[in-house]
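*Asks:* Below is one structure. I have some questions about it.
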Amino acid sequence: MTMQAADTIPPFDTQRAVEHLQGGGLSNGQAVAITRTLVDATANLATKADLAALGARLQTEITGVQTEIDDLKQSVDENRKLIGQTRDSVVEVREEIGRIRIEITQSHASTVRMMLFMSFGIIGAIVGLLRWVLPQ
């Protein structure tokens, strides 16, 4: 009689183990029960070893994921700093645009003033020429 635990192939010949135990004076039921216990214990040991290996592998993966999370946090912090710097730059650009608008407005006002003075000058020159050319 060969016995197996679920999904486990025993590392020994169970029939031979039963026969050996019967040869030692145990009944067939006792020999089968002891052999089944050995098969189950062997399967449990294999399962514990598999779980330990799986636990170690999971711990390695968890450490890797934690490292990636830390890297992402650092990247987020750097991006926040860059966003802050960008906002500061935008404020500076807006202030500069405001200063340029003021300069353009002042320049335009100066140009209009100069054009008015030139117009008055031209009108004065024409009036002067007319007085000189056309005596009264």
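Since every read-out is calculated from the coordinates, none of them should be taken as a lab result. Source: prediction; values computed, not measured. Neighbour counts are summed over all protein chains in view; Cβ atoms, including those assigned to glycine, are modelled from backbone coordinates with ideal geometry.
*Asks:* Determine, yes or no, whether Thr42 is surrounded by 10 or more Cβ atoms within 10 Å (Cβ to Cβ), more than 47 Å from the chain's Cα centre (by Cα) and under 30 Å from Thr14 (Cα atoms).
*Replies:* Values: surrounded by 10 or more Cβ atoms within 10 Å (Cβ to Cβ): yes; more than 47 Å from the chain's Cα centre (by Cα): no; under 30 Å from Thr14 (Cα atoms): yes.
No, not satisfied.
*Asks:* Do we have Asp71 as within 30 Å of Gln15 (Cβ to Cβ), free of Cβ contacts under 8 Å to residues at least 60 places away in the same chain and within 40 Å of the chain's Cα centre (by Cα) here?
*Replies:* Working: within 30 Å of Gln15 (Cβ to Cβ): no; free of Cβ contacts under 8 Å to residues at least 60 places away in the same chain: yes; within 40 Å of the chain's Cα centre (by Cα): yes.
When the stated conditions are applied, Asp71 does not pass them.
*Asks:* Please work out which one of (1) surrounded by fewer than 14 Cβ atoms within 10 Å (Cβ to Cβ); (2) more than 31 Å from the chain's Cα centre (by Cα); (3) assigned to a helix (DSSP H, G or I) is the condition Arg36 fails and give its number.
*Replies:* (1)
*Asks:* Moving to a separate point now. In the range 49-66, is there at least one residue being more than 16 Å from the chain's Cα centre (by Cα), among the charged types (D, E, K, R), surrounded by 11 or more Cβ atoms within 10 Å (Cβ to Cβ) and within 30 Å of Thr14 (Cα to Cα)?
*Replies:* No, the range 49-66 has no match at all.
*Asks:* When Val76 is evaluated against the numbered criteria (1) more than 23 Å from the chain's Cα centre (by Cα); (2) of a type in the set (A, V, I, L, M, F, W, C); (3) farther than 30 Å from Gln15 by Cα, which criterion, by number, is the only one it fails?
*Replies:* For Val76, the exception is condition (1).
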